[in-house]
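Participant: Provided herewith is a single structure, encoded as structure tokens, for subsequent inquiry.
Just so you know, all these numbers are worked out from the coordinates, no wet-lab data involved. A quick note: this is a predicted structure, and the numbers were derived from the prediction, not measured. Neighbour counts are summed over all protein chains in view; Cβ atoms, including those assigned to glycine, are modelled from backbone coordinates with ideal geometry.
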Amino acid sequence: MQNILLYLGTVLSWGSTWYAIKYQLGVVSPDVSVGYRFILASLILFFWCSFRGLNLRFSLKNHLFLITQGIFLFSVNYLCLYWATNYLASGLNAVVFSTIMIFNIVNSAVFYRTSVNLPVVIGAILGICGIAIIFWPQLVTLDFSSGTMVGMLLGLAGAGSASWGNMLSARNQKNHLPVMESNAYAMAYGGLFTLIVAAIKGVPMTFDWSISYVGSLFYLSFLGSIVAFGCYLTLLGRIGASKAAYALLLTPVVALVISTIFENFSWSFSACVGVGFIFLGNVLVLIKKSQRKITSHVALEQSLKDAA
């Protein structure tokens, strides 16, 4: 039951951020906004951990891993995805980033010797196909210009960076680093790294004091960062990176539902089919194993009754 709540928390939190992000666009550069987002999230987490009296002391070795996790999971992946939007339509960007499922399956097998589960692989393929079908109207107009290829490479780099961050989080949890306390440091490191990259690029460090920008910044920092990553990384430690990453494929579905309510999004046949593919993949990834256990228990009980 706890895994289900963590899964729902991840999907609903990240799914709603797609709508909130649009209020971040305009006056402030997206690069700088990402930096602000994670530094603010870090400050909130530090305050919460201090108020709770939680231990915030880690060894230098663990801090090095937290720095690396922060750079990969709370900086580089976001920067790559934002830069990719300069070359790709949002639909194709979503499809490219969904390859994090494949990255997680491969990286988990390489670094943690986890077995490659066929239902998880099939579920991942179905999920990626579902994302592609949802955004099919954008994909049919795709041209493979040099700019498009640059965007796709940036998108793949973002997915790969996020997967590396997942692996580092798994390592930190295996070494008994609590998620919230470690996220406080990792988000601070990631946010600072993002602002340093923006400064090197010559991006102005502006700020928008409008209610919409400040409100969406707090929303993204608290719900989209603290809550979402807290749920997701905890789930990752419990069920593995391959299965936890499937939550990322459900977030566009939540985003489309929110868009239906607030932006009059009209559901097409391809969108409905795509959602069906994603849910079918979700069943294979998350339910099949437990269903096999239930079936085996029923069979065992029946055999015991027959023997009696």
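Participant: What stretch of the chain, leaving out the sites themselves, is the longest with no trypsin sites (Lys or Arg not before Pro) in a DSSP loop having at most 15 other Cβ atoms within 10 Å?
Facilitator: With trypsin sites (Lys or Arg not before Pro) excluded where exposed in loops, the chain gives 114-308 as its longest stretch.
Participant: Moving on to the next point. With 10 angstrom as the radius, rank ILE261, ILE21, ILE278 by how many other C-beta atoms surround their C-beta, starting from the fewest.
Facilitator: So the ranking, lowest neighbour count to highest, is ILE261, ILE21, ILE278.
Participant: Okay, next question. Could you line up ILE226, ILE200, ILE134, ILE125 from fewest to most neighbouring Cβ atoms inside 10 Å? Could the numbers behind the result be given before it?
Facilitator: Values: ILE226 23, ILE200 8, ILE134 26, ILE125 15.
Starting with the residue having the fewest Cβ neighbours, the order is ILE200, ILE125, ILE226, ILE134.
Participant: Further question: Enumerate lysine pairs in the range 2-307 that are 8 or more residues apart or on different chains, then count those whose Cα atoms are under 25 Å apart.
Facilitator: 9
Participant: Give me the distance between the Cα centres of the range 65-107 and the range 209-280, rounded to whole Å.
Facilitator: What the calculation gives is 15 Å, centre to centre.
Participant: Which value at 222 nm does the chain reach when only helices count, each DSSP H run of 4 or more adding -39,500 (n - 2.57), with the total divided by all residues and rounded to the nearest 500 deg cm²/dmol?
Facilitator: So the calculated ellipticity at 222 nm is -25000 deg cm²/dmol.
Participant: Mind sorting THR234, THR68, THR260 by how few other Cβ atoms lie within 10 Å of their own Cβ, fewest first?
Facilitator: Going from least to most buried by this count: THR260, THR68, THR234.
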